[in-house]
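The values are calculated or read from the model by the stated rules, or taken from the named source; none is laboratory data. In this text, all values refer to a predicted model and were calculated from it rather than measured experimentally. Note that each Cβ is placed from the backbone with ideal geometry, even for glycine, and that neighbours are counted across all protein chains shown. For the accessible areas, the whole protein counts, side chains as well, though only heavy atoms, and no ligand, DNA or RNA atoms are used. Shrake-Rupley method; radii C 1.70, N 1.55, O 1.52, S 1.80 Å.
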Amino acid sequence: MTEPENTDKTVSAYSPFPIQGHRGDEVDLLEYWRVIWRGRLFILLFVTLSVLASLAISYFVLEETYQSTATLIPIKDESSSLGKLNGLIGNLPLPISIPGQGKNNIMTFLDSRTLKERLITKYDMLPVLYPDLWDSGKKQWLVSAPEKKPTLVTALQEEKIEDFYSSRQDPKNELITIDWEGRDPGYCARMVNHVIAELTFFLENEYDSNAKREREFVEKQLEKTTAELEYWERQIPDEKLTLSKISRERITAQTVYTELRKQLELAKISEARKLESFKVLDKPFIPEKPFQPKKLLIVALTAFCSTFIALFLVFFHNFLRTARQREASTPDFS
């Protein structure tokens, strides 16, 4: 009587990998290693060529960009004397703005369209934002019609400056970082300095001018009230102006005068104090090493990914080879 064929051989014939000594669902790691060892030359060649290609692209194709950075420390003058005046301010019938009680004006300005508009116009950045349309040699635009020339509005709408400039604030320590990226390291450092200069001008001349306008407004109102008070103090009762009317008008003018004097003193305090300022912790520098591309990281990632791709191709080739062997060993009953 003929013995039945070995079931282990039958199982191995239908397996993607010729596994010897198969036991149920156990995985023969040694057989996997044999597949990798047979394809070692392909894996080595594939990874080597991929790494060489990434080196060539990193050094000869990708453009090098530099980054200059500055770090700012916001300073808020929380004077105790102003805090003592908060109760007095609450009793005044006229609205008064309290310094230091508002948004972060530094970050608001750094993220504003106003700053970007000033940088583009003041420092002639359109050729930098659109280098493909600018002939640096002839100093003219490479456009077929004047209406196709880039404009300030176009640059703002397309957010071109975001490719170079960025600002952020750490929520923990409130440090503000200003970055500028570009091909010219010296230009990057100069533009960071320009951003700091524009921020300084805004805080010293434009933002503080709100307190100045408030103080000037109160002074004008106080002059009118003073003149009115002096007028009623000079009046003498007669047939048309009774003593009660003169007293009533003088008391009203005196009350308004007293409140305006209080508001004027507070407005002077607001104008004298810097509502918000900053110190430059880390000044911008001219970078010597490029910020992008990160060549070593590109090469490392290429080596890592290419190794997995090569392994996949080796196992896929072994699967196809095993499948062809299975089809060839299957008897044809037709």
Can you pick out the pairs among LYS172/LYS295; LYS122/LYS148; LYS122/LYS212; LYS148/LYS294; LYS122/LYS295; LYS139/LYS294 whose Cα atoms lie more than 30 Å from each other?
-> LYS172/LYS295; LYS148/LYS294; LYS122/LYS295; LYS139/LYS294
Label-to-label distance, nm, for residues given as TYR59 and LYS224 (7 Å Cα→Cβ offset) | 7.7 nm
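Less than 10 Å Cβ to Cβ from TYR66, Lys/Arg counted +1 and Asp/Glu -1: what total charge do the surrounding residues give? Please list the in-between numbers first.
Numbers: positive: ARG183, LYS289; negative: GLU64, GLU181, ASP184, GLU288.
Here the charged neighbours net out to -2.
If I take R0 = 30 Å and measure r between the Cβ atoms of ALA328 and PHE42 in this structure, what FRET efficiency does the formula 1/(1 + (r/R0)^6) give, to the nearest 0.05?
Numbers: r = 24 Å, r/R0 = 0.78.
In this case the efficiency is close to 0.80.
Suppose the chain between ASP124 and ARG234 were pulled fully straight at 0.36 nm per residue; how much longer would it get relative to their current alpha carbon spacing? Please report the intermediate quantities before stating the final value.
On the way: separation 110, 0.36 × 110 = 39.60 nm, distance 6.31 nm.
Value of the extension gain: 33.3 nm.
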Solvent accessible area, Å² - VAL143, 1.4 Å probe, full protein context = 50 Å²
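Give me the net charge for the shell around GLN292: Cβ to Cβ below 15 angstrom, other residues only, Lys and Arg +1, Asp and Glu -1.
-3
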Could you calculate the contour length gain from ARG261 to ASN205, that is, 0.36 nm times the residue separation minus the distance between their Cα atoms, to one decimal place in nm?
-> 17.6 nm
Debye log10 I(q)/I(0) for region 118-208, one point scatterer per Cα, at q = 0.12, 0.18, 0.21 Å⁻¹ | -0.47, -0.94, -1.15
Over 17 Å [Cα-Cα, region 148-291], rounded percent | 76 percent
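Using just the alpha carbons, could you tell me how many Å³ per residue the convex hull of region 208-325 encloses?
On the way: hull volume 27.7 nm³, N = 118.
It is 235 Å³ per residue.
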Here, VAL280 and MET107, labelled 7 Å along Cα→Cβ, have an inter-label distance in nm of 2.3 nm
Neighbour net charge for ARG183 - beta-carbon separation under 10 angstrom, K R +1, D E -1 = -4
